[in-house]
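The next block holds one structure in the form of C-alpha cells; read it before the comments.
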Amino acid sequence: MQTIDYRSVPDARGHFGPYGGKFVSETLMPALQELEEIYQRLKNDSTFLAEFDRDMAHYVGRPSPLYLAERWSREVGGAQIYLKREDLNHTGAHKVNNTIGQALLAKHTGKRRVIAETGAGQHGVASATVAARLGLECQVFMGAEDVKRQALNVYRMKLLGAEVVPVTSGSRTLKDAMNEAMRDWVTNVDDTFYIIGTVAGPHPYPQLVRDFQSIIGREARQQCLQQSGRLPDALVACVGGGSNAIGLFHPFLQDAGVAMYGVEAGGLGLHSGKHAAPLSDGVPGVLHGNRTYLMEDEDGQIIETHSVSAGLDYPGVGPEHAWLKDMKRVEYVAVNDDEALAAFRKLTRVEGIMPALESSHALAYAEKLARQMPADKTIVVNLSGRGDKDILTVADIDGIEV
Amino acid sequence: MASQSTNRINRRLGDLRAQGRKALITYIVCGDPDLDATIPAMHALVRQGADIIELGVAFSDPMAEGPVIQRGHERALAKGASLRRTLELVNTFRKTDSDTPLVLMGYANPIERMGYGEFARAAAEAGVDGLLTVDLPPEEAAALNRELQAAAIENIFLLAPTTSRERAEQIASLAGGFLYYVSLKGVTGAGHLDVDDVRHKVDALRELTELPICVGFGIKDAASAKAIAASADGAVVGSVLVDYMGSRAGADAAAVAEGLAQLVAPIRAGLDEL
C-alpha cells in the first residue's frame, strides 16, 4: 500500500483535494498572487526564518512548555495527559505565532496598514500587538455581538492603538467580521495587508497560517520525545477555523501511530442545530475565499452558528481540515457548551490553569478519550489560549455580576 | 455575427453597437423588498429602456457589496428569496417578455449547493441568458463553465482596476456576453469613481477583445452613466435602484415599479445623448 504524503498539499493552485482555492472577486486576485509570490520566496529564506525564530523566542517566549497534568490525569483515570501551553505565549494564545509571521510578510510588502477580523478578540489583540511593535496602522473588524461578549479584549486592542470596528451586518459575529474585512481589503488593497487569523480564506492564507502555526507541533513532537521517550498516542485540539489544531497536527501527520482528534463546538448539541460544527454536521460549499465544509441551509445560505466560545462561533473551517476529514487521517468530533464549561472549571480547580473556553472543548474531549485508554498511553492537548478573557462570560452564566 | 446569436445578451449588445447606442444595465435584488415587487419592477425597467436586467441572487454573505446592496440581500432573504425562487420568477417574467436579456449576479455557494449541472439546466429552461458569479474567478470556474456552455448561458467575468494585462487577456478569452469592468477598487455603491481612469482602462481593454465592455460600481445618475459610457459600451446601475426599492418596503408593487421607472428615465436619456 502506498503511503499518503499529507505534506504534499496544497497544490500549486491552493487546493487540498477538492477544498481550498481562491474564491474571491477579481479585484483581490492580484493581491493574492503578490502575497503568494512573496511567501514562496521567503518561506525557505534563511534570513526570514531566522527573524521569525528570533521573534518566537524573545518576543513570544517560545518554546511553550509541554506540561504533564498529573493531578488532572489521575482524576480522569486513564491515559497521561500533556498540555501544550500556548496559553503562556505573549498575548495569551497561539494566535500570535501567525500574526508575527504575517507581520513580517507585511513588512516585505511595504504596506503600512494592517487589518484583521476577530471573534473572541485573541487574533485582534495579537494583530494589534504586532502592529504596535512595527508602528503599523491597525483596524480590527469584530462582530457587534462579539464586541459585547468580549469587552475586555476590545479595550486591550484600543490600548494597543488599534481601532476596533463593530460589524452590524448579518449575524454580527466572526463571519460578518470577515466579510467586512474583505470589503475593506478590496477598497484599500494598495496599502493594506490583511492578516487573516486562521487557516481559512483564499490561498495562500491556509498554507502560510499553517506553516507559521506548525511551530506548535514541531516543538510538541520534540518535547514528547525528550520527556517520555516516544511519540504521543493521540493529539487533541479544538477547531473553529482550525489554526491551533493544524499547527499541532501537521508535524505529526506522517506518524501513523499518532491518532488525532479535532474538537468542534457542539453548542447546545448537534441535534439542536444550534452549534458551530461544520465538519460534524455540515456540507462542502464556498465561503470566504475557499471551498470547505460549511453550516448552511438547503438553499446554500450560511446559517447562524452557536457556541459559548466566540472563537469557535464560525460556520466554516479551514480547507485542510476538510481534506483531512475526507482522508480519515483526523477524526472530528463535537463537544457541547456545558461539557466545555465543566472542563474549564475542572482544569482551573485541579491544575490551577484557567483555559480559554475554546481550548476547554479540547480538554473536555481529552477527558473522554483518556478514560478509554490505559495509563501507559499519552495524549497531548493543545491548550491554545488562557481563560482570563472568558471570566465575564463564565460569571454571567453563574449569574454573578463581577 | 453577434446579432444572429441565439443568446439574447449577444443579440441585444450587437444591435446596440450597430445602432451606435449604449447599453443600460440595471441591477435589482430578486425578492427585494419582497417577492411580489420583482416582476413589476423588471417590466418597468424594460419599459424605461433598460437593455439588460441583472438580477441579484440574495446571499447571506454578499462580500463584494456595499451597505446599500447588503441590505437589499438581507431584505430579500427575510422574504424568502433564494436561487430557486429567483429562477421561478425569471420563468414567470419570460411568459410576458421573451426579449430582454437577463443576467443573474450572485455568489458561488447557492449554485454549488444546487449543483452546477442542475443549475445550468434550470436557469436555461427558465430563460436566463448570463451568469456573473462574483467570487468565482476564472481559476475556479472551469467546471461551471462547461455546464454553462452546454446550456448556452454566457459566463460573465469581472475585470478590476488591479487586473494585469496578462490576466485581462486570459479572462477575455474565457468570457462571454460582455466584459464587466469594475470601475473602482471597492464595493458596490462606493463613492470614488474616477472617470478618466476608467476611460484609460477601457481603451486598453479594447486592444485585447472584441467583446462589449460594460462598466459598473459607483454609477449613480445620468451624469456619471453618460461619462462612463462615453468610452464603454454600457453602464451598470445598481445601488441607487436598490436603495430606492428598500425605501418602498411595504408599498404597492405597481407604485414601486413606477417610481423605479422614473429613477431610470433620466439615466436612459443621458445615455441616449451620446
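The values are calculated or read from the model by the stated rules, or taken from the named source; none is laboratory data. Everything numeric here is computed off the predicted structure, so don't read it as measured data. All Cβ positions, even for glycine, are placed from backbone atoms using ideal geometry, and neighbour counts span all protein chains on display. These accessible areas exclude ligands, DNA and RNA; they are computed on the full protein's heavy atoms, side chains included. Shrake-Rupley method; radii C 1.70, N 1.55, O 1.52, S 1.80 Å.
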request  = Quick one: in segment A:19-46, of everything that is buried (at least 19 other Cβ atoms within 10 Å of the Cβ) and of a type in the set (Asp, Glu), which residue is farthest from the other protein chains (Cβ to nearest Cβ)?
outcome  = A:Glu36
query = Is it the case that segment A:10-18 has a residue that's among the aromatic types (Phe, Trp, Tyr) and open to solvent by 10 Å² or more (accessible area, probe 1.4 Å)?
reply = no
task = Please go through segment A:311-333 and pick out each residue that is crowded, with 24+ Cβ neighbours inside 10 Å and acidic (Asp, Glu).
result = A:Asp313, A:Glu320
remark   = Counting only residues that are under 21 Å from A:Ser384 (Cα atoms), open to solvent by 20 Å² or more (accessible area, probe 1.4 Å) and of a type outside the set (Lys, Arg), segment A:148-175 contains a total of 3
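Using the structure shown, decide if A:Gly247 is of a type outside the set (A, V, I, L, M, F, W, C), under 15 Å from the mean Cα position of the chain (by Cα) and either within 14 Å of chain B (Cβ to nearest Cβ) or surrounded by 20 or more Cβ atoms within 10 Å (Cβ to Cβ) (or both).
Working: of a type outside the set (A, V, I, L, M, F, W, C): yes; under 15 Å from the mean Cα position of the chain (by Cα): yes; either within 14 Å of chain B (Cβ to nearest Cβ) or surrounded by 20 or more Cβ atoms within 10 Å (Cβ to Cβ) (or both): yes.
Yes; evaluated as a whole, the condition is true for this residue.
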request  = Examine segment B:194-213 for a residue that is within 13 Å of chain A (Cβ to nearest Cβ), assigned to a loop (DSSP other than H, G, I, E, B) and modelled with pLDDT under 95, and state whether such a residue exists.
outcome  = no
ask   = For segment A:1-20, which residues satisfy the criterion of being under 19 Å from A:Pro284 (Cβ atoms) and either touching a Ser or Thr at 6+ places or on another chain (Cβ under 6 Å) or at pLDDT below 95 (or both)?
value = A:Tyr19
task = Just one of (1) buried (at least 24 other Cβ atoms within 10 Å of the Cβ); (2) more than 14 Å from chain A (Cβ to nearest Cβ) trips up B:Ser183, so point out which.
result = (2)
query = Since A:Arg183 meets every condition but one in (1) more than 9 Å from every other protein chain (Cβ to nearest Cβ); (2) over 20 Å from A:Ile303 (Cα atoms); (3) not β-branched (Val, Ile, Thr), which condition does it not meet?
reply = (1)
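Going through segment B:114-139 one residue at a time, which ones are within 14 Å of chain A (Cβ to nearest Cβ), touching a residue at least 12 places away in the same chain (Cβ under 8 Å) and not aliphatic (A, V, I, L, M)? If you could, list the steps in order and put the result at the bottom.
The initial filter retains those residues of segment B:114-139 that are within 14 Å of chain A (Cβ to nearest Cβ), namely B:114-116, B:118-119, B:122, B:132-139.
Subset that is touching a residue at least 12 places away in the same chain (Cβ under 8 Å): B:114, B:116, B:119, B:122, B:132-138.
Hits for segment B:114-139 are B:Tyr116, B:Phe119, B:Thr133, B:Asp135, B:Pro137, B:Pro138.
From B:Arg167, B:Arg113, which residue is open to solvent by 20 Å² or more (accessible area, probe 1.4 Å) and of a type outside the set (Phe, Trp, Tyr)? Walk me through it before giving the result.
Working: B:Arg167 fails: open to solvent by 20 Å² or more (accessible area, probe 1.4 Å).
Being open to solvent by 20 Å² or more (accessible area, probe 1.4 Å) and of a type outside the set (Phe, Trp, Tyr) holds for just one of B:Arg167, B:Arg113, which is B:Arg113.
In segment A:136-162, what residues are out of contact with any Lys or Arg (no Cβ under 7 Å at 6 or more places or on another chain) and of a type in the set (D, E, K, R)?
Filtering segment A:136-162 for residues out of contact with any Lys or Arg (no Cβ under 7 Å at 6 or more places or on another chain) gives A:138-142, A:146-149, A:151, A:154-162.
Hits for segment A:136-162 are A:Asp146, A:Lys148, A:Arg149, A:Arg156, A:Lys158.
Residue by residue, here is whether (1) on the phi > 0 side of the Ramachandran plot; (2) in contact with a Leu (Cβ under 8 Å, 6 or more places away or on another chain); (3) buried (at least 19 other Cβ atoms within 10 Å of the Cβ); (4) at pLDDT 95 or above holds:
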| residue | (1), (2), (3), (4) |
| --- | --- |
| B:Asp15 | no, no, no, yes |
| B:Ala18 | no, no, no, yes |
| B:Arg21 | no, yes, no, yes |
| B:Ala37 | no, no, yes, yes |
| B:Asp51 | no, yes, yes, yes |
| B:Asp61 | no, yes, yes, yes |
| B:Ala78 | no, no, no, yes |
| B:Ser82 | no, no, yes, yes |
| B:Val90 | no, yes, yes, yes |
message = Within segment A:388-396, does at least one residue satisfy the condition of being part of a loop (DSSP other than H, G, I, E, B), in contact (Cβ under 8 Å) with a residue 12 or more places away in the chain and open to solvent by 30 Å² or more (accessible area, probe 1.4 Å)?
response = no
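For (1) more than 23 Å from B:Gly186 (Cβ to Cβ); (2) modelled with pLDDT of 95 or more; (3) hydroxyl-bearing (Ser, Thr, Tyr), each residue gets a yes or a no:
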position	(1), (2), (3)
A:Pro166	no, yes, no
A:Ser171	yes, no, yes
A:Val189	no, no, no
A:Ile195	no, yes, no
A:Tyr205	no, yes, yes
A:Leu208	yes, yes, no
A:Ile216	yes, yes, no
inquiry  = Within segment A:47-67, take every residue that is open to solvent by 50 Å² or more (accessible area, probe 1.4 Å) and among the charged types (D, E, K, R) and give me the one that is farthest from the chain's Cα centre (by Cα).
reply    = A:Arg54
note = Output for Cβ contacts, cut-off 6 Å, separation at least six or different chains, first residue outside any helix (DSSP H, G or I) in segment A:360-376, second open to solvent by less than 30 Å² (accessible area, probe 1.4 Å), reads A:Met373/A:Gly78; A:Met373/A:Ala79
ask   = Where in segment B:8-112 are there helices (runs of 4 or more DSSP H), lying wholly inside it, with at least 2 residues that are closer than 24 Å to A:Ala177 by Cβ, out of contact with any Asp or Glu (no Cβ under 9 Å at 6 or more places or on another chain) and within 14 Å of chain A (Cβ to nearest Cβ)?
value = B:67-78
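For segment B:140-154, what are the residues that are more than 8 Å from chain A (Cβ to nearest Cβ), within 22 Å of B:Asp61 (Cα to Cα) and either assigned to a loop (DSSP other than H, G, I, E, B) or open to solvent by 10 Å² or more (accessible area, probe 1.4 Å) (or both)?
Quick first cut of segment B:140-154, residues more than 8 Å from chain A (Cβ to nearest Cβ) only: B:141-154.
If we keep only those that are within 22 Å of B:Asp61 (Cα to Cα) too, we end up with B:141, B:144.
Residue satisfying the conditions is B:Ala141 alone.
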note = Of (1) open to solvent by 20 Å² or more (accessible area, probe 1.4 Å); (2) outside any helix (DSSP H, G or I); (3) more than 14 Å from chain A (Cβ to nearest Cβ); (4) not charged (D, E, K, R), B:Gly189 satisfies every one except (3)
request  = Look at segment A:226-279 and say how many of its residues are closer than 17 Å to A:Glu358 by Cα and of a type in the set (Gly, Ala, Ser).
outcome  = 14
inquiry  = Which condition from (1) of a type in the set (A, V, I, L, M); (2) within 16 Å of A:Gly240 (Cβ to Cβ); (3) touching a helix residue (DSSP H, G or I) at 6+ places or on another chain (Cβ under 9 Å) is the one that A:Leu134 breaks?
reply    = (2)
query = Residues in segment A:116-137: is at least one in contact with an Asp or Glu (Cβ under 9 Å, 6 or more places away or on another chain), part of a strand (DSSP E or B) and over 24 Å from A:Arg62 (Cα atoms)?
reply = yes
key: Evaluation of B:Ala254 against (1) assigned to a helix (DSSP H, G or I); (2) open to solvent by less than 30 Å² (accessible area, probe 1.4 Å); (3) touching a Pro at 6+ places or on another chain (Cβ under 8 Å) (one fails), failing number   = (2)
request  = Could you look through segment A:292-310, keep only residues that are more than 24 Å from A:Gly121 (Cβ to Cβ) and either polar (S, T, N, Q) or open to solvent by less than 50 Å² (accessible area, probe 1.4 Å) (or both), and pick out the one that is farthest from the other protein chains (Cβ to nearest Cβ)?
outcome  = A:Tyr293
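Among the residues of segment A:68-84, are any at pLDDT 95 or above, within 17 Å of the chain's Cα centre (by Cα) and farther than 22 Å from A:Arg183 by Cα?
Step one: list which residues in segment A:68-84 are at pLDDT 95 or above, which gives A:68-84.
Restricting the remaining residues to those that are within 17 Å of the chain's Cα centre (by Cα) gives A:83-84.
From the residues that got through so far, the ones that are farther than 22 Å from A:Arg183 by Cα too are A:83-84.
Scanning segment A:68-84, I find at least one residue that is at pLDDT 95 or above, within 17 Å of the chain's Cα centre (by Cα) and farther than 22 Å from A:Arg183 by Cα, so the answer is yes.
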